[in-house]
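S.K.: Below you will find the structure I want to go over with you.
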Amino acid sequence: MRAIALVKKVPDTGIPLKVLPDGSDIDRSSLQYVMSPYDEYALEAALRLKDAGKLTELIALTVGDEGSEDVLRTALAKGADRAVRIQVENPDALDGLRTAERIAAWLKDQDVQVVFAGKEAVDDAAAQVHFYLAEFLGWPAVSYAVDCELDGDTLHLERETDRGEETVALPLPAIVAFDRARFEPRLPSLRGIMQAKRKPIDRVEPQGETRGAVVRVKVALPPAREAGTVTTSEFPQNVEELIAFLKEKKLI
Amino acid sequence: MAMVVAFVESLQGELKGVARETVGVARKVADALNAEVVAFGGGRKPSDLETLGSAGAAKVIWVEDERLDHFLGAPFAEALQQLFGEDAVAFVFPATRLGKELAPRLAARLRVPMLTDVISLSFEDQAVVVEKPLYAGKVIGTFKLESRPLVLSHRPKAFMVEATDGTTAPVEVAQVNFSDGAFAAKVVEVRAKDDREVDVQDADIVVSGGRGMGGPENFKLLYELAEVLTQRTGKKVAVGASRAAVDAGWMPHSHQVGQTGKVVSPELYMAIGISGALQHLAGMRTSRVIVAINKDPEAPIFKLSDFGVVDDLFKVVPELTKRLREEA
Ligand SMILES: Cc1cc2nc3c(=O)[nH]c(=O)nc-3n(C[C@H](O)[C@H](O)[C@H](O)COP(=O)(O)OP(=O)(O)OC[C@H]3O[C@@H](n4cnc5c(N)ncnc54)[C@H](O)[C@@H]3O)c2cc1C
Ligand SMILES: Nc1ncnc2c1ncn2[C@@H]1O[C@H](COP(=O)(O)O)[C@@H](O)[C@H]1O
C-alpha cells in the first residue's frame, strides 16, 4: 500500500516575526524555516504505519520552489522512501484551490491509497488544501485526527469533536489531516540523514495555472495590546480591585 | 433577489452561539451585493430557527436528517451544492471545525478559491477585501478576491453583529438526494463527553488555567468561578486550559487554547496560572478584555492583559468566586 505525506516548508512561528516597512511581506532576513508542525504529526503517523509493515512505500510531496526541498530531505531522513516536488517558483502566490489542483493532477496517475496532511499549514492557516483535494479526487477525508490505524482497506482514525472523542472509519483511498497527535514526531537519526542523501527527489512540472486568484494586498503586525493595570495590592484588596475593574468594563 | 447563504451550525438539535453571528456576517455581504440572506443548516432541527430572522435571515432552509449530526462535511457540501450551487452569490461559514471543512469542500465543487478565518471584511467594487490572521496569529494579512460565488469562513466572535428588529424568518424543510459517497466516512464510535460543557470557541467568557493550577483536582476552582459568572451574567462561560495543563492530563485537549488548540476571542479571557507563552497568546490575544492572575510579576501575560493580579491564585480565585456569589 502506497501513501503520500504532504509537507510544507513554513517560517518557524515560535519566534517573534517582523514585517517589512512597506507591508509587502514578513521580514525574511532572520527567519528560521521548519516543516509545518501538523505535517510533522501526519508524517509521523505515516512512518508508524510504515514501521508496522502496513505501507510498502511512503512518498513525501511538496509544492514549492527549490528551497522547499529542505523539508523533503527532512522527511527522507525520518524514513520516507522517496520525495516529489511539484515545481512552482512562488508558492505563496498559489491559493488552496490552485495548490490542490496541482497535487490532484499529479496524484491521479499514481497508485496511492492514503494521503496524509496537516490540519492547516501554519503560514497561511488556510486549512483548505486537503479538503479541496478530497473533492477533486472524490475520496473521503477527515481532519483533526490525533491517531490512526490501517486495517485492510479501511483507515480508522481517532479525532476530537465538540461532543467528545470519536473513531471514524474511511474506506480507502482516503485523506487524513492531522491535528497535534497523541504521539510526538521522531527526530531524524544520523543514519537516516546519511541515507536521505541517496534517496531520490523527483521534480515534476506543474500542470495548469500556477497563480491563484486570492491576492495578498499587505501584511501587518496585529494592533499592539497595551499593558493595562497590574495590581500588587495585598490580598484581599486586589480581589476587590479586580471586581471593580470587571464592573467598570460592564463584564459582570 | 440574489442570495447569500449562511451556514448555521447546530449541535444535537441546538443552534450554536456562533450561528447568529454567521447570519450577521452574511448580512454584511448581502448588503454589499444587493442580496438577501438564506440561513441553511441540517441535522436534528432546532426549535428556534425562525429567530434567525432577527439576525438578518430572510428565510431558513433546513435539511432534517440525523445523518448530518456527525460533524462530517461531505454530505453538507453535497446539500449546499444541490440546493444553492447555481444561485447563490456568496456562502458564509463559521471558522469552526465543521465550517472550516465545509467551505473548501463547497469551493472545490464550485471551482472557486476561498478565504478562511476572516476577521474583517469590506468591499471595493466587485472585490471583497478581508483581513485574516497568518503565521499563528502573529501577523494579519489583507487579501482581495473577486471570484463568484464568494466563499469565506469568519472567525467566531470577530464580528460584532447587531440584532435587527424582532422579525422572524420562515423555516422551510428541504430534501436532498445524497450520493453514497456523501456518507463514505463513518463515525463508528463516539465516546461522548458526559457533560454538556460550553465550548471555549462558543463562550462569551473563558476562564483558563495553566500549569500554575498544580493538578487536575484544582480545576474545580475554575468550574466554580465559571458557574457564578454564568449565574451573574447569563452568558456562556467555558473553562479553558494551556497546553501545559493539557499535556499533564489535567484537562482534555478540546479545552486547549492556543496555536495547537483553539483560537478564542471572548468578551473576557481570564488567564490563571498561565505564563503567556507566544503559542498560548496566539489563541487568545484577540479577546476583548484579558485578565491575568499570576504570582510572578514578570510573567509575560501581564504585558498584554488589561488587568493583572500578582498573587497566589489559590487565594485569589476562591475569594473572587465567594464575593461574586455573595453579591449576587
Ligand atoms: C509548536 C508548539 C505549539 C504550542 N501550542 C500551544 C498551545 O496551543 N497552547 C498553549 O497554551 N501552549 C502551547 N505551547 C506551549 C507553550 O510554549 C508553553 O509551554 C505553555 O503555554 C505553558 O503553559 P503554562 O503557561 O500553563 O505553563 P508555565 O509556562 O509553566 O506557566 C505557569 C505559570 O503559572 C504561574 N503560577 C504557578 N503557581 C501559581 C500560583 N499558585 N498562583 C498564581 N500563579 C502561579 C507561574 O508563575 C507561571 O507563570 C506550544 C509550544 C510549541 C512548541
Ligand atoms: N505547498 C504545499 N506543499 C505540500 N503540502 C501542502 C502545501 N500547501 C498545503 N499543503 C498541505 O495541506 C495542509 C493544509 O494546508 P493549508 O490549506 O495551506 O492550510 C498542510 O498542512 C499540508 O499538509
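The values are calculated or read from the model by the stated rules, or taken from the named source; none is laboratory data. From a predicted model like this one, the values you see are computed outputs, not experimental measurements. Here the Cβ is made from the backbone with ideal geometry for all residues, glycine too, and neighbour counts use every protein chain on show. Only protein heavy atoms, including side chains, enter the accessible area calculation; ligands, DNA and RNA are left aside. Shrake-Rupley method; radii C 1.70, N 1.55, O 1.52, S 1.80 Å.
S.K.: Restricting attention to region B:114-133, does a residue exist that is facing chain A (nearest Cβ under 8 Å), more than 17 Å from B:Ala6 (Cβ to Cβ), modelled with pLDDT under 95 and buried (at least 21 other Cβ atoms within 10 Å of the Cβ)?
M.R.: yes
S.K.: Tell me yes or no: at least one residue of region B:96-104 is open to solvent by 20 Å² or more (accessible area, probe 1.4 Å) and not in a strand (DSSP E or B).
M.R.: Taking region B:96-104 and keeping what is open to solvent by 20 Å² or more (accessible area, probe 1.4 Å), we get B:97, B:100.
Narrowing further to those that are not in a strand (DSSP E or B): B:97, B:100.
Within region B:96-104 (the criterion being open to solvent by 20 Å² or more (accessible area, probe 1.4 Å) and not in a strand (DSSP E or B)), the answer is yes, since at least one residue qualifies.
S.K.: For region A:122-154, enumerate the residues that are of a type in the set (Ser, Thr, Tyr) and assigned to a helix (DSSP H, G or I).
M.R.: A:Tyr132
S.K.: Follow-up question, since we're still on this one. Of all residues in region A:85-113, count the ones that are of a type in the set (A, V, I, L, M, F, W, C), more than 19 Å from A:Asp202 (Cβ to Cβ) and touching a residue at least 40 places away in the same chain (Cβ under 8 Å). Reasoning before the result, please.
M.R.: To start, the set of residues in region A:85-113 that are of a type in the set (A, V, I, L, M, F, W, C) comprises A:86, A:88, A:93-94, A:97, A:100, A:103-107, A:112.
Subset that is more than 19 Å from A:Asp202 (Cβ to Cβ): A:93-94, A:97, A:100.
Add one more test, that the residue is touching a residue at least 40 places away in the same chain (Cβ under 8 Å), and what stays is A:93-94, A:97.
Final tally of qualifying residues: 3.
S.K.: A further question follows. List the residue pairs whose Cβ atoms are under 9 Å apart, where the first residue sits in region A:184-208 and is under 16 Å from A:Ile103 (Cα atoms), the second is loosely packed, with under 12 Cβ neighbours inside 10 Å and of a type outside the set (Val, Ile, Thr), and the two are 6 or more positions apart or on different chains.
M.R.: Hits for this filter: A:Arg203/A:Glu66.
S.K.: Another question about this same structure. Just name the residue that is farthest from ligand 1 (Cβ to nearest atom) out of those in region B:94-108 that are of a type in the set (Gly, Ala, Ser) and under 21 Å from B:Arg20 (Cβ atoms).
M.R.: Residue satisfying both the conditions and the ranking: B:Ala103.
S.K.: Is at least one residue of region A:65-76 open to solvent by less than 10 Å² (accessible area, probe 1.4 Å), hydrophobic (A, V, I, L, M, F, W, C) and within 16 Å of ligand 1 (Cβ to nearest atom)?
M.R.: yes
S.K.: Out of all the residues in region B:261-284, which are more than 15 Å from the chain's Cα centre (by Cα) and surrounded by fewer than 21 Cβ atoms within 10 Å (Cβ to Cβ)?
M.R.: B:Ser275, B:Ala277, B:Leu278, B:Gln279
S.K.: Give the residue, chosen from B:Val173, B:Val188, that is within 11 Å of another protein chain (Cβ to nearest Cβ), open to solvent by 70 Å² or more (accessible area, probe 1.4 Å) and among the aliphatic types (A, V, I, L, M).
M.R.: On the way: B:Val173 fails: within 11 Å of another protein chain (Cβ to nearest Cβ).
B:Val188 is the lone residue from the list that is within 11 Å of another protein chain (Cβ to nearest Cβ), open to solvent by 70 Å² or more (accessible area, probe 1.4 Å) and among the aliphatic types (A, V, I, L, M).
S.K.: Does A:Glu158 fit the bill of being at pLDDT 95 or above, away from ligand 2 (no atom under 16 Å from the Cβ) and over 17 Å from A:Pro37 (Cβ atoms)?
M.R.: Numbers: at pLDDT 95 or above: yes; away from ligand 2 (no atom under 16 Å from the Cβ): yes; over 17 Å from A:Pro37 (Cβ atoms): yes.
Yes.
S.K.: For residues in region B:236-291 being at the interface with chain A (Cβ under 9 Å from one of its Cβ atoms), of a type in the set (Lys, Arg) and closer than 24 Å to B:Phe159 by Cα, which is farthest from ligand 1 (Cβ to nearest atom)?
M.R.: Only one residue fits best here, namely B:Arg288.
S.K.: Looking at region A:60-84, which of its residues are in a helix (DSSP H, G or I), away from ligand 2 (no atom under 11 Å from the Cβ) and touching a residue at least 60 places away in the same chain (Cβ under 8 Å)?
M.R.: Residues satisfying the conditions are A:Glu69, A:Asp70, A:Arg73, A:Thr74, A:Leu76, A:Ala77, A:Lys78.
S.K.: Is it the case, given these coordinates, that A:Ala117 is in a strand (DSSP E or B), hydrophobic (A, V, I, L, M, F, W, C), in contact with a helix residue (DSSP H, G or I) (Cβ under 7 Å, 6 or more places away or on another chain) and closer than 24 Å to B:Gly141 by Cβ?
M.R.: So A:Ala117 passes the test.
S.K.: A further question on this structure: Just to verify a result, which residue in region A:14-44, among those that are within 13 Å of ligand 2 (Cβ to nearest atom) and facing chain B (nearest Cβ under 10 Å), is most open to solvent (accessible area, probe 1.4 Å)?
M.R.: That would be A:Pro37.
S.K.: A further question follows. Going by the structure shown, is A:Val122 buried (at least 21 other Cβ atoms within 10 Å of the Cβ), closer than 28 Å to B:Leu152 by Cα and modelled with pLDDT of 95 or more?
M.R.: Working: buried (at least 21 other Cβ atoms within 10 Å of the Cβ): yes; closer than 28 Å to B:Leu152 by Cα: yes; modelled with pLDDT of 95 or more: no.
So A:Val122 does not fit the description; no.
S.K.: Exactly one condition in (1) open to solvent by 50 Å² or more (accessible area, probe 1.4 Å); (2) part of a helix (DSSP H, G or I); (3) not acidic (Asp, Glu) is not met by A:Gly53; state its number.
M.R.: Failing condition for A:Gly53: (2).
S.K.: Further question: So, in region A:23-48, exactly how many residues are more than 19 Å from the chain's Cα centre (by Cα) and in contact (Cβ under 8 Å) with a residue 60 or more places away in the chain?
M.R.: The total comes to 4.
S.K.: For region B:78-87: of the residues being surrounded by fewer than 23 Cβ atoms within 10 Å (Cβ to Cβ) and at pLDDT 95 or above, which is farthest from B:Asn177 (Cα to Cα)?
M.R.: B:Phe84
S.K.: While we're here: Take the residues of region B:61-76 that are of a type in the set (A, V, I, L, M) and touching a helix residue (DSSP H, G or I) at 6+ places or on another chain (Cβ under 7 Å): which is nearest to the other protein chains (Cβ to nearest Cβ)?
M.R.: B:Ala74
S.K.: Next up: Can you work out which of the residues in region B:312-328 that are closer than 20 Å to B:Ala244 by Cα and crowded, with 21+ Cβ neighbours inside 10 Å is nearest to the other protein chains (Cβ to nearest Cβ)?
M.R.: Restricting to residues being closer than 20 Å to B:Ala244 by Cα and crowded, with 21+ Cβ neighbours inside 10 Å, the top hit is B:Val317.
S.K.: Any idea which of (1) over 30 Å from B:Ser54 (Cα atoms); (2) facing another protein chain (nearest Cβ under 9 Å) is the one B:Asp199 doesn't satisfy?
M.R.: (1)
S.K.: Looking at this structure, is B:Lys138 modelled with pLDDT under 95 and at the interface with another protein chain (Cβ under 7 Å from one of its Cβ atoms)?
M.R.: Yes: the conditions hold for B:Lys138.
S.K.: How many residues, within region B:293-311, are more than 8 Å from every other protein chain (Cβ to nearest Cβ) and surrounded by fewer than 20 Cβ atoms within 10 Å (Cβ to Cβ)?
M.R.: Residues in region B:293-311 being more than 8 Å from every other protein chain (Cβ to nearest Cβ) and surrounded by fewer than 20 Cβ atoms within 10 Å (Cβ to Cβ): 4 in total.
Conditions tested, residue by residue: (1) more than 7 Å from every other protein chain (Cβ to nearest Cβ); (2) open to solvent by less than 30 Å² (accessible area, probe 1.4 Å); (3) aromatic (Phe, Trp, Tyr).
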residue: A:Asp111; (1), (2), (3): yes, no, no
residue: A:Val114; (1), (2), (3): yes, yes, no
residue: A:Ala117; (1), (2), (3): yes, yes, no
residue: A:Gln128; (1), (2), (3): no, yes, no
residue: A:Tyr132; (1), (2), (3): no, yes, yes
residue: A:Tyr144; (1), (2), (3): no, yes, yes
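S.K.: Something else about it: If I ask for residues that are of a type in the set (Val, Ile, Thr) and not in a strand (DSSP E or B), which ones from region A:15-43 would you list?
M.R.: As a first pass, look at region A:15-43 and keep what is of a type in the set (Val, Ile, Thr): A:15, A:19, A:26, A:34.
Once the filter is applied, which keeps residues that are of a type in the set (Val, Ile, Thr) and not in a strand (DSSP E or B), region A:15-43 yields only A:Ile15.
S.K.: What strands (runs of 3 or more DSSP E), lying completely within region B:143-262, carry at least 1 residues that are more than 30 Å from A:Val217 (Cβ to Cβ) and touching a residue at least 12 places away in the same chain (Cβ under 8 Å)?
M.R.: In region B:143-262, the matching strands (runs of 3 or more DSSP E) lie at B:171-173, B:186-192, B:205-209, B:237-241.
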